[in-house]
Amino acid sequence: MDTIPSARSIDPPLAPETLAVHPWATAAGRPRGHRTLNAPLFLTTQWEGGDLPELADHFARNPDRGFYTRFGHPTVRLAEERIAALEGAGDALLFSSGMGAISTSLLAVLRAGDHVVAHQAIFAQTIQFLEHLSASAGVRVNFVDATDPRQVEAAIRPDTRLLYLETPSNPGIDILDIESLTRLAHAHGALVFVDTTFAGPMIQRSLSLGADLAIQSASKSLAGHADVLAGAVAGGAALVGDIRKMRVLTGPSLDPHAAWLLLRGMQTLPLRVRAQSETADAVARQLEASPAVSHLRYPFLPSHPGYEVARRQMALGGGMVSFAFRGGLEATRRFVNALRWIPLASSLGSVYTTLEVPEELDFALEEIGDRAASFAMPAGLVRLSIGVESRDDIERDIQRGLDAVESIIPAPHALAERGG
Ligand SMILES: Cc1ncc(COP(=O)(O)O)c(C=O)c1O
C-alpha cells in the first residue's frame, strides 16, 4: 500500500481528543489519496498473496496486518494503534475479552517456579486465573494488601517475576500507588502489570508512571456502549511482542467487526469520561451527605484513604462509585427497589448508568469464597457505574433510593438521643 508518513510525527503532537477521533491519525502509515474517513472494516479471515515469496515476505514483515485473522487484521490493527497512542505505549494488542488479555499476558511472561505478588482485592476472575496457574502450572502467588507498600515489599522474593495491580480496583475502588510500587518491584527485577479498567488512558497513564503493561477490559469504558466484548494491553514493543506470540497460541483474537465498533466507541471516550467523572463526583458527594451511607469510595473524595495518590496519578475521578449502607444487604435491597429507572446490570463503564451488588450478582465471588471473605467487602456493597444521562435525572433517582433507606434507618442524632 502506498503510504504517507504517520500523523504521529506532527509537531506539536495531536492531543488525545484528536487522536481518539481520526482512524488514520494513529496508524503507522496512512494510505495516500482516497483513504476512507471512517476506519475500513475488512470482513475477511484470509488474504491472497501474489506469489509465494511475496506472501511470505509480507507476512514476515507485517504479522499484525493481515495473513490470517488469528495472527492479525488491519481493522483490529487500527484500533490497536489508537490504544497505543492514547496510552503513550510502544505497542498495543487487542483480545476477544478482558480475560483473554489478562490470561494471555500472564501465560506469556510466567514460567513454572516464578513467583507473583498480586493485590488481594482485584477482579474475581483474575484471582481465579492466578489460583489456577498456582494449582496447575507451578506458579506461586501471594495476595497482599497493596494499598500498604510495606506488605508488597515484604512479599517480594528473589524469584518474584511479576507484581500484579488493579487500580482503581473492582469492586472496592482501592487506589494503589503505581509509581512507588513500580519502583519497588523494578528494584527487585520484577515486571509490573496494571489492570486500569476503572480508569483507562484518559484518566491514568499507567506506563508513564512506570508500569510495564497497562491492561484493560475494553468491554467497559473504552468501547463504552455495552455492545462490545474486548480486552487490550499496551506496553513496550518487546513485551507486547511476546504477548502477541502467545495470543497466536491461545487464540483470543478480536473479531474485526467488534474492533470496528470499538474504534467507533473510542471516538467519544474523552467526552464520555469527562462527563461521567463530573456526574460521579456529584453523586459521590450526594451519597456522602446521607446519614444512611456507612461506607463510600470515590477516588476524588478527600475521605478516600487513597485520595492523595488518586489526585497524583488520575486526571479525573472516573465514573465508578462504591458504597454500602448502615443496615447492610437489606438496606441495599430497599435502595435498589426504590430506583425508578437506573437498572441493575452485570457490567460497567458504558453510556448507561447501572449498578451491581457483587454479593448477590457476582457468581465469581462465590467461587473464590474464602479469599473474597479475606478482604471483607462491606455487606450489601453497591457498585455504581455512572453513564452520560442527565445529571439531574441520575441524582433524582439516587435520592429515591436514599430516601427509602433513610426512612428505615434512625438518623445519627436519634441514635445519640437513645445513647446509641
Ligand atoms: C477490572 C476488570 N478486569 C478485567 C475484567 C474482565 O474483562 P472482560 O469481561 O472483558 O473479560 C473486568 C470485567 O468486569 C474488570 O472489571
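Since every read-out is calculated from the coordinates, none of them should be taken as a lab result. Quick caveat: nothing in here was measured; it's all calculated off a predicted structure. Cβ coordinates were reconstructed from backbone atoms using ideal geometry, including for glycine residues, and neighbour counts include every protein chain displayed.
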* Asked: Among all stretches of the chain without exposed trypsin sites (Lys or Arg not before Pro) (DSSP loop, at most 10 other Cβ atoms within 10 Å), which one is longest?
  -> 112-339
* All other residues with a Cβ under 15 Å from the Cβ of ASP159 taken together, and with Lys, Arg as +1 and Asp, Glu as -1, what is their net charge? -> +3
* Asked: Using alpha carbons only, how many degrees (0 to 90, rounded to 10) separate the axis of helix 237-250 from the longest principal axis of the chain?
  -> 90 degrees
* Does anyone have the angle between helix 178-187 and the longest principal axis of the chain? Alpha-carbon axes, 0 to 90°, nearest 10? -> 60 degrees
* Treat the count of other C-beta atoms within 10 Å as a stand-in for reagent exposure and order TRP341, TRP260 from fewest to most. => TRP341, TRP260
* Asked: Residue by residue through segment 291-306, which ³J(HN,Hα) values in whole Hz follow from phi under the Karplus form 6.51 cos²θ - 1.76 cosθ + 1.60 (θ = phi - 60°), with glycine and proline marked x?
  -> x, 7, 7, 9, 8, 8, 10, 9, x, 9, 8, x, 6, 5, x, x
* Using every Cα-Cα pair within the chain, state what percent have a distance larger than 39 Å. => 22 percent
* Which of GLY401, TRP341, PHE300, positive extreme of dipole for the chain (C-beta unit charges) -> PHE300
* Any chance you could give the angle, 0 to 90 degrees and rounded to 10, that helix 124-136 forms with the longest Cα principal axis of the chain? => 60 degrees
* Charge sum, other residues only, whose C-beta stays under 15 Å from PHE325's C-beta, Lys/Arg counted +1 and Asp/Glu -1 -> 0
* If you rank VAL240, VAL194 by fewest surrounding Cβ atoms within 10 Å, what's the result? -> VAL240, VAL194
* **Karplus-derived HN-Hα couplings along segment 218-223 (A = 6.51, B = -1.76, C = 1.60, θ = phi - 60°), whole Hz, x at Gly and Pro** => 6, 4, 8, 5, 4, 6
* Structure fact -> Residues meeting the amide H criterion for GLU166 (H placed from the backbone, H to H distance under 5 Å, 5 or more places apart or on another chain) are HIS119, ASP195
* Using R₀ = 56 Å, calculate the FRET efficiency as 1/(1 + (r/R₀)^6) where r is the Cβ-Cβ separation of ASP51 and HIS225; round to 0.05. => 0.85
* To do: Give a residue-ordered list of calculated ³J(HN,Hα) values for segment 393-400 (Karplus: 6.51 cos²θ - 1.76 cosθ + 1.60, θ = phi - 60°; whole Hz; x for Gly, Pro).
  => 4, 5, 4, 5, 5, 4, 5, 4
* Asked: Nearest-5 percent of antiparallel DSSP beta bridges in segment 269-417?
  -> 90 percent
* Structure fact -> As a percent rounded to 5, the proportion of antiparallel DSSP bridges among beta bridges in the chain is 60 percent
